[in-house]
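Chemist: Here it is, the structure in full.
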Amino acid sequence: MEGIHKIHFIGVGGIGMSALARHLKQEKKIVSGSDRSLSPITKQLSRERIQIFGEQVAENITKDIDLVIYTEAMSKDHPEMEAARALHIPMMNYFEALSVAMNPYYLIAVSGTHGKTTTTAMITDIFEAAEKDPTAVIGSLRSKTKSNYRAGKSKYAVVEACEYKKDFLHLTPDVLVITNIELDHTDFYPTLAQVQSAFREMIGRVNEGGVVVTDASHGNILPVLKDFTGTIIDYKKFLDLELPLKHPGLHNRQNAAAAKAVAKHEKVANDTIDEALKSYAGTWRRFEFKGDLNGAPVYDDYAHHPTAIKATLEATREAYPDRRIVAVFQPHTYTRTVALFKDFAKSFARADEVILLPIYAAREQNTTGVNSRELAVAALEYAPNTRYLDSLPLALDELRRTITKNDVLIIMGAGDVTKLADALTA
């Protein structure tokens, strides 16, 4: 970033983009950004003296801008990107820019199909407690700080590394965490073998003398490790089933084990690690308690993969063994829904009642004809009280009418279903 003074972000309201914008502002850059609409994140960025445009138009791009950073979601004919090309302003996507900003640090990159955000936040909390003063870019808002970014002054940086479109290959970590590997992002990876190939490439990006922290005996991970000659730390050795955590579920204990393995490698004392994990308060949309509806607790969760749904429902059952669990799920993308259709149907078995909402399209067109009504029919075999509602307003009215104090309500999905959780507890 030498010689770069003014930077503009296209899609600055994204969780990763906003964290990077905060980091570059901290690095004394002049930062601006645009998004399709204003949000709590963009409003907070504005309060932090980052110029925010609520419209994405060519006029936002001026010739004094030194660099434009854009999200993967932007089309190549986006008006701001076309304006930047016309003015010959260099452009980078988010992960290219993240790598330029973070690779100079002693970099701890947290990858995996599930658990990246929680593990990244846990490591950040532990390093804070150990006075290691890390810089951190997290894929959600930490409950303790209400931010997705931590400005540190030490050598350490902790970042979330997503495998989508092989974006994480821009990073060169000193410590690579792989929480788990499963088939996901099926619009880019048609097979598990292709996902594994990407992670194998990522392991090849680890700096000389670096380490990989993972579940070293898992069948999906073993093939990825076979050519790595560096140090492998098996986080299962750090799994503690007795340590009291604020968030239930085996998956959270596995995330804590991975965080502890990293911390132990960096010479953090056991007591410091355990106290930080016991007080870990969570992040936005990860089994996040939103409030009560008719006396029933309401949780909002980002789960959008069958494994994550199953883990979230099992955690809910652990926390509320005597309550009726009502799960509301909004599938995310057509490709994921059709590729994992049978697994989605099976994943709701731990719920007493299931409501499925229309598929959130995100970046996709429905070329397969898959829909949530069909998924609801398939799920009946595993969760007999499953039904389909065709809009968020219908679900809002139905839940307000039927939820009782004997229930616990869990809202799941990666799309705009989070608005339902907000509305129910407003």
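Chemist: Give me the one-decimal nm value for the distance between modelled label points at K237 and K267, 7 Å along each residue's Cα-to-Cβ direction.
Modeler: With each label placed 7 Å out from Cα toward Cβ, I get 1.9 nm.
Chemist: Using the Cβ atoms and a cut-off under 11 Å, what net charge is assigned to the surroundings of F348, where Lys and Arg are +1 and Asp and Glu are -1?
Modeler: -1
Chemist: Take the residue pairs K226/K290; K267/K310; K6/K166; K165/K310; K6/K43; K264/K419 and return only those whose Cα atoms are more than 32 Å apart.
Modeler: K226/K290; K267/K310; K264/K419, as the Cα separations exceed 32 Å there.
Chemist: Work from the charge dipole of the range 100-227 (Cβ charges, +1 for Lys and Arg, -1 for Asp and Glu, about the Cα centre) and give the residue of V206, V158, P223 farthest towards its positive end.
Modeler: V158
Chemist: Given springs between every Cα pair under 10 Å in a Gaussian network model of the chain, which of L409, L176, L24 has the largest fluctuation?
Modeler: Among L409, L176, L24, the largest mean-square fluctuation in the Gaussian network model of the chain belongs to L24.
Chemist: Towards the positive end of the charge dipole of the chain, with charges on Cβ (+1 Lys, Arg; -1 Asp, Glu), say which of T367, F127, G14 has the farthest Cα.
Modeler: The one lying farthest along the dipole's positive direction is F127.
Chemist: Determine the dipole magnitude for the chain: charges of +1 sit on the beta-carbon of Lys and Arg, -1 on that of Asp and Glu, nothing else is charged, the reference point is the Cα centre, and the result goes in debye to the nearest 20.
Modeler: In total the dipole reaches around 500 debye.
Chemist: Can you check what the Kirkwood hydrodynamic radius comes to for the range 35-164, Cα pairs only, in Å to one decimal?
Modeler: Computed over the range 35-164, the radius equals 16.5 Å.
Chemist: Expressed in nm to one decimal, what extension gain is obtained for the pair A193 and R49 from 0.36 nm per residue of sequence separation less their Cα-Cα distance?
Modeler: Between A193 and R49, full extension yields an extra 47.3 nm.
Chemist: DSSP loop GluC sites (Glu not before Pro) in the range 353-397 with at most 12 other Cβ atoms within 10 Å of their Cβ, which ones?
Modeler: E381
Chemist: For a label point 7 angstrom out from the Cα of L250 toward its Cβ, which stretches of the range 278-303 have the backbone nitrogen within less than 20 Å?
Modeler: Within reach of a label on L250, which here means backbone N under 20 Å from a point 7 Å along Cα→Cβ, the range 278-303 contributes 287, 303.
Chemist: A further question follows. Could you give the spread of the C-alpha atoms of the range 328-426 along their three principal axes, from largest to smallest, in whole angstroms?
Modeler: Cα extents, longest axis first: 40, 29, 17 Å.
Chemist: Report, in debye and to the nearest 20, how large the dipole of the range 124-215 comes out about its Cα centre when Lys and Arg carry +1 and Asp and Glu carry -1 on their Cβ.
Modeler: In debye, rounded to 20, the range 124-215 gives about 360.
Chemist: Which log10 I(q)/I(0) values does the chain give at q = 0.07, 0.13 Å⁻¹ under the Debye formula, counting every alpha carbon as one identical point scatterer?
Modeler: Debye curve over Cα of the chain, log10 I(q)/I(0) at q = 0.07, 0.13 Å⁻¹: -0.34, -1.23.
Chemist: Still on this model: Rounded to the nearest 500 deg cm²/dmol, what is the calculated helix-only ellipticity per residue at 222 nm for the chain, with -39500 (n - 2.57) per DSSP H run of length n ≥ 4?
Modeler: -10000 deg cm²/dmol
Chemist: Counting each pair of different Cα atoms once, what's the Kirkwood radius of the range 67-144 in Å, rounded to one decimal?
Modeler: One over the average 1/r among Cα pairs gives 14.9 Å for the range 67-144.
Chemist: Roughly how many whole Å is it from the C-alpha centroid of the range 1-59 to that of the range 110-183?
Modeler: Comparing the Cα centres of the range 1-59 and the range 110-183, I get a distance of 20 Å.
Chemist: A further question on this structure: Could you work out how much longer the chain between R324 and K419 gets when fully extended? Use 0.36 nm per residue separation minus the Cα distance between them, nm to one decimal.
Modeler: That works out to 31.9 nm of additional length.
Chemist: Please compute the Cα-Cα pair-distance distribution of the range 167-221 with 5 Å bins starting at 0, giving whole percents from short to long.
Modeler: Distribution as computed: 4, 20, 28, 25, 16, 6, 1 percent.
Chemist: Can you give me the long-range amide H partners of N103? Hydrogens built in the peptide plane at 1.01 Å from N, cutoff under 5 Å, separation of 5 or more residues or another chain.
Modeler: Answer set, sorted by chain and number: none.
Chemist: Another question about this same structure. Which trypsin sites (Lys or Arg not before Pro) in the range 41-108 sit in a loop by DSSP (not H, G, I, E or B) and have at most 12 other Cβ atoms within 10 Å of their own Cβ?
Modeler: Within the range 41-108, the qualifying trypsin sites (Lys or Arg not before Pro) (loop, at most 12 other Cβ atoms within 10 Å) are R49, K63, K76.
Chemist: Springs between alpha-carbon pairs under 10 angstrom, Gaussian network model over the chain: which of A19, A258, A129 fluctuates most?
Modeler: A129
Chemist: Run through the DSSP bridge list for the chain and note the antiparallel percent, rounded to the nearest 5.
Modeler: Percentage antiparallel, nearest 5: 15.
Chemist: Then there's this: For the chain, set up a Gaussian network in which alpha carbons nearer than 10 Å are linked by springs, and say which option among D64, D343, D215 fluctuates the most.
Modeler: D64
The numbers here are math on the coordinates, done by the rules we state, and not lab data. Predicted, not measured: the structure shown is a model, and the values here were computed from it. Cβ sites come from the backbone with ideal geometry, for glycine too, and all protein chains shown count toward neighbours.
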